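The block underneath contains the structure these notes are about, expressed in structure tokens.
Quick note: the coordinates plus some simple rules give every number you see, no bench work behind them. Everything quoted here is computed from the prediction, not taken from an experiment. With ideal geometry, Cβ positions are generated from the backbone for all residues, glycine too; neighbour counts draw on all protein chains shown.
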Amino acid sequence: VVDEEFLSRLRECLGERGLLTAAGDMAPYLREWRGHFQCAAGAVARPANTDETAAVVAACAEAGVGIVPQGGNTGLVGGAAAQSAESQIVLALDRMTRIREIDTDNDTITVEAGCILAEVQNAAAGVQRFFPLSLAAEGSCRIGGNLATNAGGVNVLRYGNARDLTLGLEVVLADGRVWHGLSGLRKDNTGYDLRQLFVGSEGTLGIITAATLRLFPAPAQREAAFAGVENPAAAVALLGRLRAVSGDNVIACELLPRFALELTLRHIPGCRDPLDAPHPWYLQVELASPAQGNWLREALESGLEAAFEAGEITDAALAGSLEDAAAFRHIREHIPEAQIREGASIKHDVAVPVSRLPEFVTRATAAIEEEMAGVRVCAFGHVGDGNLHFNLQQPEDADGAAFLKQAPKANRVIHDIVAELDGSFSAEHGIGRLKTGELIRYADPAKLDAMRAIKQALDPKGILNPGVLLADN
Ligand SMILES: Cc1cc2nc3c(=O)[nH]c(=O)nc-3n(C[C@H](O)[C@H](O)[C@H](O)COP(=O)(O)OP(=O)(O)OC[C@H]3O[C@@H](n4cnc5c(N)ncnc54)[C@H](O)[C@@H]3O)c2cc1C
């Protein structure tokens, strides 16, 4: 338990600055982004380096105190939400923000877990490289959190998710020992790939303290467009066409319905409709290439022209400048905020094979509209990854709290259709505390048993993020 003796041991490891116990100081670490969870912790430990992190974990292992790791606290499934003042502490990595090394010949950057994602992107740009992980929370989320959740975002289509960008890790294990795995190797077949085990483990197997990440050549050409389409099937066709004409240089491709655009126009300052007339759906696309020249622009223009002739698009605006491109992205990135301002919403972060995405949208929309009268579907997201945020906005003038109570019913309708289409009920946000029941319901039983065995082997005392991912941990 968290008692005076335990706290003074932590104080010895961390010094006064590294340990917060006053309610006011701890408050920012005890908030949960979506307000689904009340938070409580006996203390917030803020180690300055890996040795201090290891000392904290060793102390917790000895005292049997639960550790809730926290990065930027932008996770959407309650994974960083501590639940007990008596038996848990928050372990915040926000003081570990050093960029340890950039190796331009190896195209890698080694950073501490507390580095804010945007700062890693900037550091890469500073040496004419590109770190492609990009999501709307990039100004506040931290690399440790990104890797622990295997974050996705807008550039997965071209560069993969956080897992694909990770070459090495440094991890504090549950007994306080450190695994020094900061390799920058592309080839290393020396047994089980522990790196892949820790990426996406949501703080339940170890504390990520640093990572070696892949870098790419900086883009020399960048293009963007905002196209009106009739339906998701046309969007999928357009994406395929643009990938083909651009030499597979589409780096982001986001689908949004008219309703999502209308919400941003209504609630978000600075949002303008890029097209003159309304369209049922839109694609926001970005292309980039490290090669010099203007051919990407020509490829985009010819691709859009051909798409227009083929009836795939009904209109399109091309970005004439980086500001135009940013304005298109501004719309897409602010849909979640516009949804909050509009009222209550029930969210589903799902993936299906891209080929089945149009069928999913049609079936899920029909099923949920039949189940919940007046519901407004706001399905948007990463069409090239088959990953949609199939969000449900409360009916106009409805009671938000009463609407939210219908979440279990809505989840069943949507997730059952996802399962029938061989999809995933959690594409990029993880399981956290929010979706542990769904995992038990939909996961293959053999997979669940293997996961429990891994958890037992690496964290036999169950001190790492109790209640997250595996509800029985
Ligand atoms: C506006 C908005 C947009 C978003 N868009 C996307 C998106 O496009 N794609 C996407 O994938 N996500 C998205 N997210 C979700 C969120 O930003 C990501 O999950 C992000 O990767 C979390 O990083 P964080 O540092 O905030 O982690 P936190 O919220 O602090 O933690 C997340 C999980 O990781 C664990 N953890 C944190 N740090 C460590 C560590 N060092 N070692 C071990 N475990 C750790 C925590 O215990 C928790 O379980 C979005 C969130 C918001 C608010």
Which whole-angstrom value gives the distance between the alpha carbon centres of the range 336-354 and the range 22-43? 24
To the nearest 20 debye, what is the magnitude of the charge dipole of the chain about its Cα centre, counting +1 on the Cβ of each Lys and Arg and -1 on the Cβ of each Asp and Glu? 620
Specify whether the C-alpha gyration tensor of the range 56-127 places it in the rounded, prolate or oblate class, a ≥ b ≥ c being the square roots of the eigenvalues: rounded for a/c under 1.5, otherwise prolate if a/b is larger than b/c and oblate if not. prolate
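Out of the trypsin sites (Lys or Arg not before Pro) in the range 359-455, which ones are loop residues according to DSSP with at most 14 other C-beta atoms within 10 Å?
Loop-located and lightly packed - K405.
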Charge dipole of the chain built from unit charges on the beta carbon (Lys, Arg +1; Asp, Glu -1), centred at mean Cα; most positive-end Cα among L147, A338, T21 is T21
Quick numbers on the chain, Rg and Dmax over C-alpha atoms in Å, give 22.8, 74
Residues other than V111 with Cβ under 11 Å of its Cβ, Lys/Arg counted +1 and Asp/Glu -1, net out at -1
Scan the range 198-284 for trypsin sites (Lys or Arg not before Pro) in coil per DSSP, keeping those whose Cβ has at most 14 other Cβ atoms within 10 Å, and list them by number. R272
Separation between Cα centres of the range 408-446 and the range 259-314, rounded to whole Å: 32
Sorted by Cβ density within 10 Å, fewest first, the residues L469, L133: L469, L133
Among residues other than V352 whose Cβ falls under 9 Å from its Cβ, what is the net charge (Lys/Arg +1, Asp/Glu -1)? -1
Give me the lysines in straight-line cross-link reach of K187: C-alpha distance below 29 Å, same-chain residues under 8 apart excluded. K447, K455
With the Cα gyration tensor of the range 135-176 giving a ≥ b ≥ c as the square roots of its eigenvalues, does the rule (a/c under 1.5 for rounded; else a/b larger than b/c for prolate; else oblate) give rounded, prolate or oblate? oblate
For the range 95-136, I need the span (max minus min coordinate) of the C-alpha atoms along each principal axis, in Å, sorted largest to smallest. 28, 23, 13
For the chain, which DSSP H helices look membrane-span-like by this rule: Cα extent along the axis of 30 Å or more and mean Kyte-Doolittle of at least -1.0? none
Dividing the alpha-carbon radius of gyration of the range 116-193 by 2.2 N^0.38 Å (N being the number of residues), what value is obtained? 1.19
Provide, in order from the shortest bin, the percent of all Cα-Cα pairs of the range 1-139 in each 5 Å bin, continuing until the bin that contains the maximum pair distance. 2, 10, 18, 19, 17, 13, 10, 7, 3, 1, 0
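Any of K409/K435; K347/K405; K435/K461 with alpha carbons more than 20 Å apart? Name them for me.
On the way: K409/K435 14 Å; K347/K405 13 Å; K435/K461 23 Å.
Check vs 20 Å cut-off fails for K435/K461.
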Projecting each Cα onto the charge dipole of the chain (Lys/Arg +1, Asp/Glu -1 at the beta carbon, about the Cα centre), which of F131, F360, I313 comes out farthest on the positive side? F131
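Rounded, prolate or oblate: which fits the range 417-456, taking a ≥ b ≥ c as square roots of the Cα gyration tensor eigenvalues, rounded meaning a/c under 1.5, else prolate when a/b beats b/c?
Oblate.
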Per the Debye formula with a single identical scatterer at each Cα and no solvent contribution, what log10 I(q)/I(0) holds for the range 371-473 at q = 0.13 Å⁻¹? -0.60
Using only alpha carbon positions, build the gyration tensor of the range 168-231, then give the equivalent ellipsoid semi-axes as the square roots of 5 times its eigenvalues, largest first, whole angstrom. 35, 17, 12
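How many percent of all Cα-Cα pairs in the range 286-336 sit more than 17 Å apart?
In whole percent, the share of Cα-Cα pairs in the range 286-336 beyond 17 Å is 49.
Placing unit charges on C-beta atoms (Lys and Arg positive, Asp and Glu negative, everything else neutral), compute the dipole magnitude of the range 93-208 about its Cα centre in debye, rounded to 20.
That gives a dipole near 80 debye.
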If you take the alpha carbon radius of gyration of the range 216-323 and divide it by 2.2 N^0.38 Å, what ratio comes out, to two decimals? 1.06
I'd like the Kirkwood hydrodynamic radius of the range 322-362, using the inverse of the mean 1/r over distinct C-alpha pairs, in Å. 12.7
Return the loop-located chymotrypsin sites (Phe, Trp or Tyr not before Pro) in the range 140-237 (DSSP other than H, G, I, E, B) with at most 14 other Cβ atoms within 10 Å of their own Cβ; answer none if there are none. Y192
